[in-house]
Amino acid sequence: MIDIEDRLTLDERSTVDFVLGLRKRWSDAVYPTLAAEYAETGATAETPEQVEPVMHQLPSYPWFSHLERVQQKMLWRTAGDAVVRRRQELVGDLDAAPEQGVGSITLDHDLELPEWYTDYDIHVQPGSFFSDDLSAYVYEFGARIVMLRDNDGYKFHSLFAQTTLPEKPEATRIVDIGCGFGKSTRPLVAKYPGAEVIGVDLAAPGLRLAHAEAEDLGLPISYVQAEGSRTGLESGSCDVVTGTMVLHEMPSDAIVAVLQEGARLLKPGGEMHFLEFMLTGDPFRDATVIEHADRNNEPYFRDLFGTDTVAACEAAGLVDVSWSPFDERRLGLQPDGWGDRAEWHFPWAVLSARKAI
Ligand SMILES: C[S@@+](CC[C@H](N)C(=O)[O-])C[C@H]1O[C@@H](n2cnc3c(N)ncnc32)[C@H](O)[C@@H]1O
C-alpha cells in the first residue's frame with residue numbers, strides 16, 4: 001500500500017511541518033497563556049458556561065480561537081491537495097484489494113446515510129468521511145497531524161486494546177463500531193487471535209481503505225457497511241463490543257441506539273468499551289473543549305456530554321457501567337484522573353459496561 005507521506009514533495013512536506021508546528025504551539029504555548037490569563041482574573045466559575053464570557057474578554061482569546069479554526073482548515077487543504085494529486089495511484093490501491101481475501105468487505109449500496117451524518121463537514125474536512133473514494137485517505141493523513149504525530153503508529157488505539165479491553169482467550173467474535181479506516185480494528189486481531197474481528201461503519205471510503213490495508217498486512221478482518229445501531233449481527237454473539245471516537249459524532253438518540261445495539265450483541269459476561277472524550281471537571285479546560293468542538297464542526301460533542309450514557313447502558317441491561325479517564329501518551333486507562341497537564345489535550349475517557357451472566 002502507498003503511504004502518501006513517503007511521496008511528498010519538499011514543498012508539501014514543508015507545509016505539513018508548518019501546520020503541525022502551528023498546532024503544537026497552539027496547544028502547548030497559546031493555550032497555557034490563555035489559561036494563565038484566566039487564572040489572573042480570579043474568576044470563580046463553576047461551569048464551562050460561566051467560564052465562557054470571562055474567557056472571551058482575555059487578550060489571548062482572539063488569537064487562540066482564530067488559530068484553532070485556521071490551522072484546522074490549513075490542515076485539510078494540505079492533506080486534501082496532497083491526496084487528490086495522487087488520485088489515480090491511491091484509487092488503484094483500493095481497487096486492487098479483492099472483496100474476499102484474508103478478510104472481507106461487504107458494502108451496502110442501498111444504505112441511506114442519516115441526515116445528521118451528511119448535513120455538515122465533520123472536523124471541517126471538506127466532504128466529510130463519506131463523499132469521495134479519497135475521503136478516507138484525506139482523513140487518515142489529516143488525523144496524524146491532529147494527533148500531533150503521536151498516533152502515527154496507532155499508539156492510542158493499541159494502548160486502548162492493551163490497558164482497557166479484557167483478556168478473553170475463548171472469544172469468538174469482537175465488533176468495532178465506527179471503525180473508520182481501521183486503525184481501531186487492527187489491534188483487535190492481535191488481542192483476540194482466535195476470534196472473528198468485525199469492523200462496522202457508515203462510510204464506504206473508510207471501509208475500503210481499512211480493508212485494503214488489512215489485506216496488505218494479512219489481517220483477517222471483516223468490514224461491513226452498516227449503521228452502528230443496526231449491525232445485522234446475531235444477538236448474544238459477541239464477546240467484546242468496542243468503538244473509538246465514534247459516540248461523540250452522533251446526536252443523543254443515535255448514541256443511545258448504538259449503546260442498545262452493543263448490549264444486544266453481547267454474550268452474557270461480554271464487555272463493551274468505547275474510547276471517547278468526556279468533560280474533565282475543570283470548568284476552564286472543559287469550556288475550551290466544548291468550544292473546540294464548535295470550531296471543529298463537531299456539534300454532537302455537546303450531545304455526548306449531555307446524554308446520561310450510564311443510565312442508557314443500565315436501561316439496556318448492562319452492569320458495572322463507568323467512565324474512566326484515559327492518558328493517550330503512554331499510560332492508557334487512568335481511573336484516578338487526567339492528572340495535571342499544562343497543554344490543551346483531548347479529554348480521552350472510556351465508557352465501560354458488562355452484560356451480566
Ligand atoms: C472519528 S472517526 C473514528 C474512526 C476510528 N474508530 C478511529 O478511531 O480512527 C468516526 C467514525 O465513525 C463513523 N460513524 C459515525 N456514526 C456512526 C454510526 N452511527 N454507525 C456507524 N459508524 C458511524 C464515521 O463514519 C467515522 O468513520
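Quick check, is L275 assigned to a helix (DSSP H, G or I), among the hydrophobic types (A, V, I, L, M, F, W, C) and touching a residue at least 24 places away in the same chain (Cβ under 8 Å)?
no
Go through region 99-132 and count every residue that is part of a loop (DSSP other than H, G, I, E, B), more than 12 Å from the ligand (Cβ to nearest atom) and within 24 Å of V16 (Cβ to Cβ).
Going through region 99-132 one residue at a time, the tally reaches 4.
Sort out which residues of region 193-224 are within 14 Å of the ligand (Cβ to nearest atom) and either hydrophobic (A, V, I, L, M, F, W, C) or free of Cβ contacts under 8 Å to residues at least 24 places away in the same chain (or both), and write them in order of number.
V197, I198, V200, L202, A203, A204, L207, L209, A210, A214, I221, V224
Going by what's in this entry, would D303 be described as under 20 Å from the mean Cα position of the chain (by Cα), surrounded by fewer than 16 Cβ atoms within 10 Å (Cβ to Cβ), in the same structural domain as T185 (by TED's automatic domain parsing) and within 16 Å of the ligand (Cβ to nearest atom)?
Considered against the rule, which asks whether it is under 20 Å from the mean Cα position of the chain (by Cα), surrounded by fewer than 16 Cβ atoms within 10 Å (Cβ to Cβ), in the same structural domain as T185 (by TED's automatic domain parsing) and within 16 Å of the ligand (Cβ to nearest atom), D303 comes out as no.
Which one is farthest from the ligand (Cβ to nearest atom) among residues in region 133-174 that are basic (K, R) and modelled with pLDDT of 95 or more?
It comes out as K168.
Is there a residue being surrounded by 18 or more Cβ atoms within 10 Å (Cβ to Cβ), touching a Gly at 6+ places or on another chain (Cβ under 7 Å) and within 25 Å of C313 (Cα to Cα) anywhere in region 275-294?
Looking for residues that are surrounded by 18 or more Cβ atoms within 10 Å (Cβ to Cβ), touching a Gly at 6+ places or on another chain (Cβ under 7 Å) and within 25 Å of C313 (Cα to Cα), one finds none in region 275-294, hence no.
Of these, L75, L58, which one is within 16 Å of W26 (Cβ to Cβ), in the same structural domain as S131 (by TED's automatic domain parsing) and part of a helix (DSSP H, G or I)?
L75
Could you list, in sequence order, the residues of region 314-357 that are over 20 Å from the mean Cα position of the chain (by Cα), free of Cβ contacts under 8 Å to residues at least 60 places away in the same chain and surrounded by 12 or more Cβ atoms within 10 Å (Cβ to Cβ)?
Listed by number, the residues that qualify are E314, A315, A316, G317, L318, D320, V321, R341.
Tally time: how many residues in region 240-271 are part of a strand (DSSP E or B) and either surrounded by 21 or more Cβ atoms within 10 Å (Cβ to Cβ) or of a type in the set (V, I, T) (or both)?
Matching residues across region 240-271 total 8.
Quick check on my filter: what residues within region 158-188 are surrounded by fewer than 23 Cβ atoms within 10 Å (Cβ to Cβ), within 21 Å of S324 (Cβ to Cβ) and touching a Cys at 6+ places or on another chain (Cβ under 7 Å)?
Once the filter is applied, which keeps residues that are surrounded by fewer than 23 Cβ atoms within 10 Å (Cβ to Cβ), within 21 Å of S324 (Cβ to Cβ) and touching a Cys at 6+ places or on another chain (Cβ under 7 Å), region 158-188 yields nothing.
Only one of these is within 24 Å of E170 (Cα to Cα) and touching a helix residue (DSSP H, G or I) at 6+ places or on another chain (Cβ under 7 Å): F284, F301, F274. Name it.
None of the other options fit; the residue is F274.
Hey, can you tell me all the residues within region 152-192 that are without any contact (Cβ under 8 Å) to a residue 24 or more places away in the chain and not small (G, A, S)?
D152, E167
Give the number of residues within region 42-78 that are touching a residue at least 60 places away in the same chain (Cβ under 8 Å), buried (at least 18 other Cβ atoms within 10 Å of the Cβ) and small (G, A, S).
Total meeting the criteria: 1.
Out of the residues in region 175-192 that are touching a His at 6+ places or on another chain (Cβ under 6 Å) and within 7 Å of the ligand (Cβ to nearest atom), state the one that is nearest to L94 (Cα to Cα).
Applying the filter and picking the extreme gives K183.
The values are calculated or read from the model by the stated rules, or taken from the named source; none is laboratory data. Keep in mind that what you see is a predicted model, and the values were worked out from it rather than measured. Quick reminder, even Gly has a Cβ in these numbers, built from the backbone with ideal geometry, and neighbours come from all protein chains shown.
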